[in-house]
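Every read-out reported here was derived from the displayed coordinates using simple, explicitly stated rules and does not represent laboratory data. All of these numbers come straight from a predicted model, not from anything done at the bench. Ideal geometry is used to build each Cβ from the backbone, glycine not excepted, and the neighbour counts take in all protein chains shown.
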Amino acid sequence: MQGAKNKFVQFIGIASIFLIFQLITRHLNPLEARSISGYRSYNEDLTKDNYNTDFNLKNNQRKSSIVRVNNPDASLSIPFLDKINNYWHIAGNTEIRNANYIRLSNNDIPNSYGSIMSNSIGDNKINDFETILSFRLKSTNNVNSKKHNYKSKRAENNYNEGLVFMISPENGFIKANLHSSYSKKQYELNTNGIISNNHELMGFPSNLPGLALVIDMHSDQASDEKYAAPFFDAFVLTNPSHHKYDLEHDGDSDNIVWLNKNTQKHIKLKNSIMDGTLVELRLIYLESISFLKVDIRYPNEGKFWIELFQTNHPIYLPKNPKTQERYIGVSALTKNKPSSNIEILNIETNEFHYRDDLNKQESDEETSFDFAKEIQLFLSQEFGERIEIEKDDFIKLQMRKSQPYLNAHDKENKMKNTYHNSNNTNESGMIKASIILILKIAFFTIMIIALYFISVYARVILKHRKKIYGNHGTGLPLYK
């Protein structure tokens, strides 16, 4: 009888420890939505595309009703000329080889630029979408040479500039006839100050509003090797009259919404990007839930995407106030000497819409919380990214987007402050979450210790009762 009681006490102790372990691991669930404002280096292999599909089906989770819908007007593929003649503008020294590539810069033409941008004829009302840019950079400089030190490599490479991939609300600078000083002045007045004849944003005007994804092939940070090119930067410009891209300082400016500034100064890219091999840059923007993600892929090194930047903090990419359109643009710039060939091979744009009603008005999707929930499910199943947005947050996003365009400067400051404040809030939230986790672990540790002492005390009591009552189990003390 006594042995059975001891085994029962031990069973209770083991069961209690198991339950406590389950409670702890629930709070450490790796599938919980994570903070996504940080940067992950290119050494981390991210192979999350479609990895959630089988998991969701096995767990009887329904498939999202959102599907990819290709937008041919905002895409470019071989043969190029028909598409460019109908839906795109070109500028600068852009060279088109119909069955091969679109060359934006040529190593035989120094101090030049080349640009392409979608026009206003096709469908440019893109709200929830992904765009994949396929390109190659071939530098005449041997940036991988180990025979030169860092300073000599920088000296060889100090005339390279780079490439920019933009989503902009404005394309008039590239299509308008702005040869006279009067026409240029009128254009600047009508666009809140866009400098049409400026090309410092890798071929685009330095104050062109929109999202700019820059691949920089030249570093001005001569004293710091960690800023060696090539590197990546992402930022948003919303008001041409109050800020611009600073080419001479690698775009470093406090009056723009610099998306990767809180992660590190620049995001270093692999030197192999300069070898002339195929490179793909992917932008995913979901306006309905304020989600932005940028990935890069080196196809010669694997089929996986490598995350450069991601955020779901409140951020809004500006639209054209008249047409509600966003235009896709790619541009490249070289400086004093011939340096590199920069060639566009393909642009693929897909929008995300309801599966059962592809003709549904996009304005309905933009203002629908049900659509936002479906987009969250699609994001989880298709890209393996989990975020949660509540209805109150969704309403706040709608209110922020509805602010008038005439108050662009205030809107820019609000977005900048909101973005950086939410970064700070996220950091403080992580600290609080860590403290809470430590307190929970301490609490459960104390509980385990307490249960151990209770079990020891129970065993002592049982032994004491055995001495008093004996082994007969009669409940009466034994007298000799």
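With 18 Å as the limit, write out which pairs from K83/K175; K63/K125; K125/K319; K373/K396; K125/K322; K125/K401 have Cα-Cα distances beyond it, or answer none. Show your work: numbers first, answer last.
Working: K83/K175 16 Å; K63/K125 26 Å; K125/K319 9 Å; K373/K396 15 Å; K125/K322 12 Å; K125/K401 15 Å.
Listed pairs above 18 Å: K63/K125.
Sorting 91-103, 199-211, 180-192, 109-121 by average packing, meaning the other beta carbons within 10 Å per residue, from highest down gives 199-211, 109-121, 91-103, 180-192.
How would you rank 229-236, 69-76, highest first, on the average number of other Cβ atoms within 10 Å across their residues? Please report the intermediate quantities before stating the final value.
Values: 229-236: 22.9, 69-76: 18.0.
Final packing ranking: 229-236, 69-76.
Remark: spin-label model distance H249-H179 equals 3.8 nm, labels positioned 7 Å along the Cα→Cβ axis.
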